[in-house]
Structures are given as C-alpha cells and as structure tokens.
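The structure appears below as structure tokens.
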Amino acid sequence: MDKSDRMHRTDTLCPNKDVLCRPQIKHWLEVQLVDEHGEALPYLPYRAQNDATREGVVPEYRGQTDADGVIRIEGLHPIPITLFIDADPLAEVLQTRRLRARRAEPKRPIIGNPTPLHSPQRTGYSPVEARAIAAGHDYHHVRIGQLCDRLPRLDPPLPEGEPLPPYHFPDSRFSGYTLGSEVGYRQAYKRLDRRHVLEVCPFRTWSLVLHHQRDYSLVTAYNLGLMSVLAYSTHEPGQYGSVQEFFEQQCLDLSRAPRVRDGYTNPPCVVVDVPFSERYTIAKPLDTTKGEPPEGDTQLFYAINASQVLVGWRGTEMNFPFADLATDVTFRPVKPEVQANCEPKVPCADLTPRGNVHLGFRDAYDVARRKFAEDLGDRVEVAARRRDLFICGHSLGGALGLIHAASLKDLNPLLYTYGMPRTFTLQAVACLDDMWHFRHVNDTDLIPEVPPEADLENSLYKLYGPLGTTLGTTWSVAQLMADLVIRGKDPFYHHGEIVAFHRTEQHMRIRGSENQFYKMREGSGAPYYTVISRPLPAKAKLFLVPTLSKEDDEKARAAQERYTASLSPDHKDKYFPKGRNVKRGNLLGIRNHFMGKYQPYIYGQLVESINPSRMQERQNDRRKLNDQMVKYAELIPEDELVRDRLFLELQSLVGLTLECTRQIEGGRDALERFEAVAEDNLYVEITHG
Amino acid sequence: MAKYKQARIPQRISIALLAMLTSLTGCTKDRSLAPPANSEQVTVQIKVPAELKARTIDVMYRSTLCTFTDHSAYGAPYPRDGYQHMEIEPTRQGQSDIYEAKLPKDGGGACQWRLSNVTFGVSYREPERFGENVVYGAGGGVVVIFDDNASPRGGANIKVDGDLRIEENYYLWVDEEFIGNYRKSVNLTGHGDIYMMYKAPTAQFIYFEPILHSTYIVYSAGPKIKTKEAVTKFTYPDGSILENGDYEPRFQKLEAIRLAAEKNRDHADTR
C-alpha cells in the first residue's frame, strides 16, 4: 500500500473509518406470472422479502400483479429476494388454466439413477420460454407450491397427516420462490434489473379419458384395457406400479403422463387435465385374501374422482392350458338370486328376473361383495349416483365385472371386457339387453369359448348329483376339448357387443388340373375333383367393431359413403351372430388370451388412428390384403371376398371413434400428448398367429 | 352299454385329475399357523362406547418361505409371499368397555408365518333404532400394517414409529338411497377413510378409542334417478343443507358444528 495515502489505512486502534462514496446503488426487479399458454395471471396479491425486510431495514414489499401479471419492485438491495403469492387466489386461477399438450416428459429415473423424480423442466419445450429469452428476460418454470405462502384451501381437502403431493408442492415449508439464490450471495444483483418470466404450471390433475356412451370408443377401450392390467398389480403399496401409486401419485404428477407398470413396456394412459379439486380422491385396491389362488381369491380396485367411478376386476390364473382354471371351470349354472346387491336383511330383486349365472363366478363375486360391502355396496354405489360408472376386467375379471355391472344396472354402468368367458345363460342375458358392454375377443382366444354353449345343468350335472361341481368340471373340459355341444334349454351365452380382433386369411380356388379327364367331370356334381383351395400369402389382423356400421354419426356416414359395400343386417347377423364369437376358439388360442395380446393391438390401433403416418407395418398388411383381393378377385370364393371387403370397411371406421375424444374439452390435447409419448416399437404386435 | 361307457370316461379323467391334484398338494409343506407360546405379541385394545360394538378382528400372516405362483396380466408367472388369515373375536376386559385381543407376532409353523396386518374396528350397535330394515353401512374401521405388504384394502400413507394410539371423533350419518332398491343405512363418519390406514412396523400396543358424538347426526337422501346433475342432499345437525355433489358428509363441517355448539353451551353455562 502506498504510504503517502493517508486517507486509507487499516488500523486496529481506530476501527471506525469514514469512507466516502456515493449511496449504494438500488436495483429494480420485474416478475411476470404467466400460465403454460403464456396467458397472464393478473391481480394476485404478493409479498416479497429479502434480508433487508427481515431485518426491518425496509418494510416488506406488498402489492398485486397487474393486468399483465407483472410485479415491479424498485429500490432493492443487491441481495436475493423471495417472492410469495397468496395461496388461495393463486390456486383458484391456476385451477382454471389448461396444460400445454406437449410437455417435457422426463424419463422416470430407474433404480440407481440419482436424478430426483421432479427436477426443473428441461429447456426447449416451452414456447413461453422461447419468447421470454428472445425478449431478453429470464425464464423459470415453477409449480404452485414453490410460489404460494401456504397450502391453499382445497375442496375436497388433502388427506390429513399424509405428505403433500410432491409435484405441485415440492416444498412442505412454503418458503417462497427466491430469485438470485442460484448465484452467490453478493452476486444477486446479476439477477436484478431485469424481468423474470415465471411460467407457472396450472394447478391441475390427470383424469383418464373415458367416454360414458352407448357408442364404442377406442380411447376408452385402450384406457380400460390398461385398467384391467392395473387390476393385476401386486406391487407393494406406494411402489411404482401399485394401484394407489397410480391414482394418488402419478395422476397428481403433471410432469409425466401416468403409466401402468406392466413389467414390460409401461404404456402411458390417455389423460386429460382437470382442476386439482376434481382429482381421484379415493383409490383402493381390494383383495379378499380368502385363500391362495386358485381357491377363491378375488381382487379388484376402485377409484373415484369428480366425474368417474372406476372399478377394475382382476382375472385369475390363466395358465396354459387348464391347470389353474379352478375358479373358471366350475361350470355349473346357478340361479342369479343376488345377495349381490343387498344385505341379508333387506329384500331385493334378483340380478336378473330369469336365467342363470355361472356358479364359480358368482361365488368369486360374492366373496368380494361380502368382504368389501362397505366399499362396493356403500361407497361405489353412492358415488355412482351422479358419476359415470365404468367397470372393466380381463378374463375372469370380465365375468366378475359383468356380474357387478348387472347388480348395478340401474346406475347405467359402462362395461369393457377383454377375453371374458361366458357368464350368464341365455335367458339372463336377455334381461340385461340394454346394458352397455363391449366385449373384446382376440381372434381364437379360448376363454370366450368357455363354458361351452350348452345347458350343462340339465344335461350333465344331474348325472353327478352333489359332486357335479367338482367332477363335472372335468367332464366339461373333456367336452370342451371334444367340442361336443349338448342341446339344452338355457345355455351359457355372451353378453354385450363384440369387438373382434380378427386375423383374416384368404384362400383361392383353382382348378386342380387342366387334364381333360378332370375337366370332363365338371358339372357332374363332384366339384372336389377339380377345384383345390390354397391359402393366399397376405394376412392381416383387423379391428372389427360391428356396432360402428349402424353408427349414424355424421362423419361415419360420410366415410361409409365412400364404400360401396355396407354392412346390411343380414350380413351382420351372419358374421357377428349376437351373443356368440366370430371365430371358434381353440386350444392353441389360449396364447391369444393374455392382456399382452390384447393391449398391444389396441395400442397399435390407437396410435395409428391418431396419426396414420405411424404404425406403417400393420397398415401395410392391410394394403397387401386389399391388393390381394383385387388381384385374386376372380379366384377368391365370393363369400370370403364379400366378407373381407366388409371387414376392411369396418376396420377403416375404427379411427372415427376418436371423434368423441376430440370433442371433449382438452380431448385434442390429450390425443396429441399421448401420440408424443407413445413409442412406435413399444410392443411387438403379433399379427400372425 | 354304450351309454354306460360314455358316462365312465369323464369319471375316469376326473378321478385321475383329482388324484393328481391331491398328490401335488400332498408334497407341499404344512402351511398351517402354529404360533409358539412365547411369541412376542401385539396387543389391540378397543374402547367401545355403549352405542357401538367391536368388530371381529381379521389378522393376516405372511411367509417368505411358503410362496405361491401368481401370474401377471400377460400370463408371466412370478412368486408371491404366501398368506394366511385368521379371525379373532376381541374379548371384553371384565365389566369395562375395553375389548382386547393379543396377536402373536410369530405365526410359527413350517412356513414361519409373520404377522403382516390387522383389520379391526367398531360398528353401530343398533341400526334398527333408525327404523325397520335399517342396516349398518360403513365406517369405523382401522387397518394397521406391520410390514411392507399391502393389507386386503391396500397400503397406508401414514407411518407411525412405535406404539399406536388412535382417538377419533365419529358422527352418525343416516343415508337413504332410492335408485335400484330402497336402502337406508347408518354409517360412522370419521376424519379418515372408512378404514383408517396406518403403517406401524414396531408397534407393540395399539389403542383405538372411537368417540361417538351421537347427538350430531347428518342425514342424507340420494337422488331418485341417475343424472349428471343428480345430487345427494345432506342435512347437517345445525340444519344447514348441502347439495353440491358430495357423496359422503364433510367431517370438518361436522367438527365445526359441534365445536360451535359446545362453545355456545359453555357460554350459556358460565352465564
């Protein structure tokens, strides 16, 4: 130090030294609050604190955002500043704002990956960000819990004593949003003297897109298919993949589309964002745990939000071929005098006025109905008085779902089942005619073929007396294998409208030989001498929803006019006989039975229908089939040709069922969001058997 | 003769199948519960007010030794811990209103069963008081889970260290439903779900005291036909009516009504 500089000296004897300089530079700050669409969040009361206000040097900064959602504070010390927005007005306005369709969708960290579940949003996804940066502002993506000063009042309230939903409320102490904290304490001025654009994630929650309507919906089929998979979940509670985790955590987590953990590909659901107050408040997995399967264990779950009551039933052991079918193969029809829907004390009508229901299924249902009377009887029923009631299930779960739906038929349930066995007898089915049910059958799946269409009660069980249920099982299986149909009065029968995934093969008939010897026999009543049948190479699996052909929806009609052929009632009855399957199931067909064969096919169809430029492979199969029909038009038997033209036409109508999804609020965004996360190669779709 | 033969074939198959199944089950371990006498115990105590009654206690044991094969939705087999469950009636302690059950933590047996979870609770003793054919509906249950597995009604979000002491306020809720079959039920409304769920891995002593405020009754009547606008009409004990799409009464509102009424009464007393 220069000794001649007498004005500046460090001294222990005289520590107080007047330093001459100009007053400290004061700074300004602008914060603009916008939602994900860039719309301002106006007139929200705020508070701002820094160390100067905390020490009482200056009063706390208070005010409200202006019409453009902007807060301007002047005269700031160059230190970090913490912003609080009043919780209730903020929550109120954010509940009404919509999410953007395309979101960052970070990958869920797998075990061993230290990335937190919720990190700040990656850059490059938000148009708000691009605009802010272009205008020279700072940009932050924040969630409500990082801004509000306390937990907003919620209706219905969050469960007491439980941790807050971590996506919206990452900070349980509500310590506000601090600007300038990311730089050193003395460098905070670098974040001041500028505008910060805060893009606030709307206070929303996911709701599954489900359409409660008479008409088929591909999105409903896809989502309820996933719910039927979820019903199988045995993941530990709280773990990724459990029922409660799906509804209580994933559906409240807006960073990612909720996924059903199926152990393989974890496909995403089609979801729409709804206000946080309309979230799934109750989701319960129920397990009778009466005995280890197959002794009569029944599992299901239910979930309730503001507009839906959703019940998913689990199937049983469907091991190849029958070893574990104990519940399923107890083929004795019994009167459906249901206990089902009422306490023993209260008189009640039967499930159906006439007909029978399968004993094994009814027992399995009754076990659950009795053990969980409080849930199934009281809560689900009461909640469904004004909410849309959706029931789904795969395999045995479909049968249980159908019995459940029948017991609640006054509440107008909508049922989607996948590979379900026959459950009621013909007369009972007739009484449930107006109940909405779409029954999916995957090609030659065997389970929809059991129990055989025969009145086993009369023909078989009288033979065996009281042992009929046990020993008759074997008899029925033997019968099933032999495919021997016993004539009876009230056979088992399928309920609902069929949706068939139909592997279409074609044949051509050609003359076996040009030899005069054979030609000479033509017309002599022995055609098999001269004509041979050969399979053609192109095969395709078609998604057939026969109800679509009677669709009088504007678009469907417009589309149908493009086709010369249309499904006449005659044809419909011929190819899709009511209450029966399109194809006979067979033993090899058991491998078509698992959800792993249903879900990929629905998934492929859904992705293709949203964006026809994707999923080319399955479309190519159909094109080839179509070309083959043109090429071999002369040689393919007339019947087959007519049928396959109709089937291709039906296939082309499936995509139109997305129209109902596009029409609901946020429906287009939901499809766009799903399409963005859906991977092409998520599944290997097996078209050929 | 032909007829005779036809009847015999399936019988033969069935007997063969039966024999096969029995022989298979014969090979497995003895899966029964056999709690040793000196096992550590979890005591469940329920203080039951006069208007309520204790329910049967449902206890579940699990074993990592005895597993069974379950199948995923896609047909893939995977092993799961075996389970057993038993029902215990809680016993009344003398002439008191305390009901108690002791659950051995160690279920013993070849499978070495371990206590997994317990379901207990109270229900309303005399639903008939509210009319003929009135049934008990829901509410007043407690599930305590001791391990990481799900109970028959799923998992718990509240974790408790050490012993568990639950004192809960309950209100009566009388509900009438008209859609389908007419049904009138009495329910218990508490702050939690119809079953309060706790995870208490180290609990030795579980005490549950439901406090029934039976003078505060909320009445509800469901709609007659199902529509999107159909509402259940809730009449709260202070006479206020809510028709807002709720399907269960609001516990916080009931608490506020009671506290306000008690405050008023205290005021009246002191005057």
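What the table below lists for this structure:
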item: Cα-based helix-to-principal-axis angle, B:2-27 vs chain B, degrees rounded to 10; result: 70 degrees
item: Sites residue A:613 and residue B:98, calculated FRET efficiency, Cβ-Cβ separation with R0 56 Å, nearest 0.05; result: 0.20
item: FRET efficiency, 1/(1 + (r/R0)^6) with R0 22 Å, evaluated for residue A:118 and residue A:676 via beta carbons; result: 0.65
item: Compactness of the range B:39-118 - radius of gyration and Dmax, Cα, Å; result: 16.9, 56
item: Estimated FRET transfer efficiency (residue B:86, residue B:214; beta-carbon r; R0 45 Å; 0.05); result: 0.90
item: Peptides A:627-638, B:213-224, A:235-246, B:143-154 ordered by average Cβ neighbours within 10 Å, highest first; result: B:143-154, A:235-246, B:213-224, A:627-638
item: Two-site label geometry, residue A:58 and residue B:41: point separation in nm, points 7 Å out along Cα→Cβ; result: 6.9 nm
item: Net length gained if the chain between residue A:135 and residue A:19 were fully extended (0.36 nm per residue, minus Cα distance); result: 37.8 nm
item: Cut-off 20 Å, label 7 Å out along Cα→Cβ of residue B:167, residues of the range B:188-212 by amide N; result: B:189-193, B:196-198, B:204-212
item: Average Cα contact separation per residue, chain B, under 8 Å, 6 or more apart, as relative contact order %; result: 16 percent
item: Acute angle (nearest 10 degrees) that the helix B:251-270 long axis makes with the longest principal axis of chain B, alpha-carbon atoms; result: 40 degrees
item: Within-13-Å neighbourhood charge of residue A:53 [Cβ basis; K, R +1; D, E -1]; result: 0
item: Charge dipole (debye, nearest 20) of the range A:154-293; +1 at Cβ of Lys and Arg, -1 at Cβ of Asp and Glu; result: 600 debye
item: Gaussian network model of chain B, springs between alpha carbon atoms under 10 Å - residue of B:227, B:43, B:64 with greatest fluctuation; result: B:227
item: In nm, spacing of pseudo-spin labels at residue B:126 and residue A:367 (7 Å Cα→C-beta vector); result: 3.8 nm
item: Contour excess over end-to-end distance, with Cα ends at residue A:186 and residue A:665 and 0.36 nm allotted per residue; result: 167.6 nm
item: Nitroxide proxy distance, nm - points 7 Å out along Cα→Cβ at residue A:172 and residue A:47; result: 2.2 nm
item: For the range A:206-214, 3J(HN,Hα) per residue [Karplus equation, 6.51 cos²θ - 1.76 cosθ + 1.60, θ = phi - 60°, Hz, x = Gly/Pro]; result: 7, 10, 4, 7, 9, 9, 8, 8, 5
item: Restraint check, B:105/B:199; A:409/B:53; A:284/A:371; A:409/A:541; A:290/B:105, Cα-Cα greater than 24 Å; result: A:409/B:53; A:409/A:541
item: Peptides A:148-160, B:108-120 ordered by average Cβ neighbours within 10 Å, highest first; result: B:108-120, A:148-160
item: Other protein chain Cβ atoms within 10 Å, averaged over every residue that makes up A:401-411; result: 1
item: Average partner coverage of A:364-372, which counts Cβ from other chains inside 10 Å; result: 1
item: Centre separation in Å (Cα based) which lies between the range B:206-251 and the range A:101-176; result: 35 Å
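Every read-out reported here was derived from the displayed coordinates using simple, explicitly stated rules and does not represent laboratory data. Predicted, not measured: the structure shown is a model, and the values here were computed from it. Positions of Cβ are generated from backbone atoms using ideal geometry, with glycine treated the same way; all protein chains shown enter the neighbour counts.
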